Amino acid sequence: MAANGVRFDASAITEKPTLLVATTRKPVNGGRAAPWYGTERGAAMTIARAKLRPPDDGRFSLASVGLVDWQIASIEPLPRLRDLIGEGASGEDVLVYVHGFNTTFETAALDAARLSDGIKFAGETMVFSWPSKAKLLDYVYDRESAMWSRDALEQALEELIASPTGRIHIVAHSVGTMLTLEALRQFYGDRGEAAAERIGAVIFASPDIDIDVFKSSVARIGPLAAKITLITSTNDRALAVSRWIAGGVTRVGAAEKAQLEKLGLHVIDASAQGWGIINHDLFLSNAQIRQVIRDALGGASRLGTLRSALFRQAG
């Protein structure tokens, strides 16, 4: 940390620890006290601003040994999405995080904060949280809830596009990628190429999508397809279970790299990076994956070179 207390290359969410919230979960306690939003489906999309407590990253802090983490301090529900975007954010890019299966609202929000801080994102960060039961045996409910939320995600994207922001970047995880792809398909069908230009990078991390459904949807989103980067892993245990539930149909996140590159997409094969039991959240836990996400969001021209250098082991 510098002498004046300002961090070098600090993320915006650390300097201003607030998170934009759009959720289709039913509010609990009026959305103003923990647990804020539950597992049931809400009557309408709720908009809010979350104030966060970042971990103290000082040399002798408990965070340095992993004993403390980001926390939600308070939630302020707001009537409209446009009320979330302050004048100071005019022209800044926005990062939208869409979580996956088996996730509480709090976990989704804090994962968004960890991701934004981990990649040193310079603009506002939003979590789009759909109603997950947050239980391992409720996969079908979660998948249906995700699909039920696609109109709301499309609405959130439309309102962000209408606000005085820069590009809208999206990072979606697991089942959240299916929701995001469907919302983008509707968004492109309704708004066309002019609005699609405001969408920046689209990162699908461990996408839990039927590969045939994915192919047909990608073919219907025009120039948005070229913005997609896939982070895959053939040893993703969670997707192996999902494939079994789906009757043996390959999930995109566990497909072979060459098969996906035929679609003209950027593909990051992270199989060699995962040494855990599950290997389903490498976008949060692996520094090299976070760097690839950062470069993709920044539109780095050297993405292909970097990808080859980082993942040469996977070949």
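Things worth noting here:
- Distant-in-sequence amide contacts of SER129, defined by a placed amide H-H separation under 5 Å and a gap of 5 or more residues or a different chain, comprise ALA22, THR23, THR24.
- Positive-end residue of ALA162, LEU78, ILE119, charge dipole of segment 63-181 with Cβ unit charges: ILE119
- Of LYS16/LYS257; LYS26/LYS215; LYS51/LYS133; LYS51/LYS257; LYS51/LYS120; LYS51/LYS135, pairs whose Cα-Cα distance is over 30 Å: LYS16/LYS257; LYS26/LYS215; LYS51/LYS257
- Packing-based ranking, highest mean first, of 12-23, 201-212 given that Cβ atoms within 10 Å are counted: 201-212, 12-23
- For the peptides 47-54, 136-143, residues were scored by their other Cβ atoms within 10 Å and the scores averaged per peptide; the highest-first order is 47-54, 136-143.
Read-outs throughout are calculated quantities, based only on the coordinates presented, and are distinct from any laboratory measurement. This is a predicted model, so every value here is computed, not measured. Reconstructed Cβ throughout: ideal geometry from the backbone, glycine too, with neighbour counts over all protein chains shown.
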